[in-house]
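Each remark here refers to the structure printed beneath this line.
Every number here is computed from the coordinates shown, using simple stated rules; none is lab data. Owing to the predicted nature of the structure, the values given are computational and were not obtained by experimental measurement. Counting neighbours? That spans all protein chains shown, and the Cβs are built from the backbone with ideal geometry, glycine included.
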Amino acid sequence: MEIALLFVIMTMITGDLWTRFEWGVWWTWEPRLTTYLILMLIVIAYFVLRNAVDEPEKRATFASVVSIIALVDVPICFMVTRLIPSSVHPVVLREGGMSFDMGVTVLVVLIGMLCLGHALYRLRFRSLRLRERLEALKEIFDERPMDDPFSGGLPAAVSPVVAHEAREVGPETVLRPNGEPRPNKGKIRSEYPTCLLR
């Protein structure tokens, strides 16, 4: 939804710039502009709502309802020029279409925007996965007892570099996570959960 907010705001900003250039005004209460403004406010309300409600189940329920309302408004923004005729926003495709040069330009921009949206989605998805893995590492690190004989005093999620340094100290001592040596109470584990260390 963050990517949707970005595209909605950028569309509104560039649309206002075009409105100023083409019509000589920054804003006019034209049906398509008005319905798009409503869509932008709904998307902003989605994020305000998600940050205002603390309980996860209620937050998810309320946010889902707002998302459905936004989804209903999208086809209205597209069809409003057909439902309410306007001289400002003509129905291009029904009136004979656009020129070849304009069609190629629209197609190239459309493909570029789709690629940009996909890249931003992948980047956001990756950041969320990294955050989840970091939280899992924190939980393992906090729950692992320091005197666990299978970890040699090191949490299972500790990095391989620290584990390697611990093995070099010698069988009598190991390194604590803060780097201080202490007596070894068990065998140092040489394998760590690879799914957490990637």
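With N set to the residue count of region 1-97, report its C-alpha Rg divided by 2.2 N^0.38 Å to two decimal places.
Taking the Cα Rg and dividing by 2.2 N^0.38 Å, one obtains 1.27.
What is the extension gain from Glu22 to Phe78, computed as 0.36 nm multiplied by their sequence separation minus the C-alpha to C-alpha distance, in nm to one decimal?
Details: separation 56, 0.36 × 56 = 20.16 nm, distance 2.05 nm.
Full-extension gain reported as 18.1 nm.
Go ahead and run the numbers for FRET between Val53 and Asp142, Cβ-Cβ distance against an R0 of 35 Å, rounding to 0.05. Please list the in-between numbers first.
Numbers: r = 28 Å, r/R0 = 0.79.
The calculated FRET efficiency here is 0.80.
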